[in-house]
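Participant: For reference, the structure I am asking about is given below.
What follows is calculated from the coordinates using simple rules that are stated; it is not laboratory data. Computed from a predicted model, the values in this text were never measured in an experiment. Cβ sites come from the backbone with ideal geometry, for glycine too, and all protein chains shown count toward neighbours.
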């Protein structure tokens, strides 16, 4: 336009081949970059997951060792996060179990000492009958071994020894 008058026409033509090739190249590059971004994200997620769970695997390793019989092993996880708190509580539980096991062992030793050293006949009984006795009971019933004494049943109990008081036998119903 010149002085508000149209002077002529200009026609510009572009080849679509160049645009199509550029569009194809951009699409290919976009897909390639997306695949690379996905691979990097997967790698990052795997590394982050491994980093975050390695502390839990340390606790699991101790739990497996304790299950296998190594009750002295403890989890060593430092910090103040959830995994460290779990490890501290897990170690506290193991310490408590160890203490109870020691107390049970001492109690068992006291029981065994009293059970084996008393001059009174002691026979242990459950719902199936006698399952153990001390040396005084063996002598009282003329048994050579505890295995022989467990064959004694409550109805034959009085017949085995004249030294046993004649008290009516009452089996628990069950």
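Participant: For a protection proxy built on the mean count of beta-carbon atoms within 10 angstrom, sort 135-142, 64-71 highest first, please. Numbers along the way, then the final one.
Facilitator: Numbers: 135-142: 16.2, 64-71: 11.5.
Packing proxy ranking, top to bottom: 135-142, 64-71.
Participant: Per DSSP helix of 4 or more residues, -39500 (n - 2.57); summed, then divided by the residues of the chain. What does that give at 222 nm, rounded to the nearest 500? Don't jump to the answer; show the numbers that get you there.
Facilitator: Working: 4 runs with 99 residues, N = 174.
Mean residue ellipticity, 222 nm, calculated: -20000 deg cm²/dmol.
Participant: Sticking with this structure for a sec: Which parts of the stretch 94-128 would a label at residue 153 reach, counting a residue when its backbone N lies under 20 Å from a point 7 Å out along Cα-to-Cβ?
Facilitator: 123-128
Participant: Moving on. Using only alpha carbon positions, build the gyration tensor of the stretch 16-117, then give the equivalent ellipsoid semi-axes as the square roots of 5 times its eigenvalues, largest first, whole angstrom.
Facilitator: On the way: eigenvalues 793, 29, 8 Å².
Values for the stretch 16-117, descending: 63, 12, 6 Å.
Participant: Express in nm, to one decimal, how much length is gained between residue 145 and residue 27 on full extension, taking 0.36 nm for each residue of separation and deducting their alpha carbon distance. Could the numbers behind the result be given before it?
Facilitator: Details: separation 118, 0.36 × 118 = 42.48 nm, distance 9.02 nm.
Between residue 145 and residue 27, full extension yields an extra 33.5 nm.
Participant: Beyond 29 Å, what share of the Cα-Cα pairs of the chain remains, rounded to the nearest whole percent?
Facilitator: Numbers: 9988 of 15051 pairs.
That fraction is 66 percent.
Participant: Follow-up question, since we're still on this one. To test your reading of the geometry: what angle, between 0 and 90 degrees and rounded to tens, separates the Cα axis of helix 82-117 from the longest principal axis of the chain?
Facilitator: Long axis of 82-117 versus the principal axis of the chain: about 10 degrees.
Participant: Which angle between 0 and 90 degrees, to the nearest 10, do you get for helix 16-67 versus the longest principal axis of the chain when only C-alpha atoms count?
Facilitator: 20 degrees
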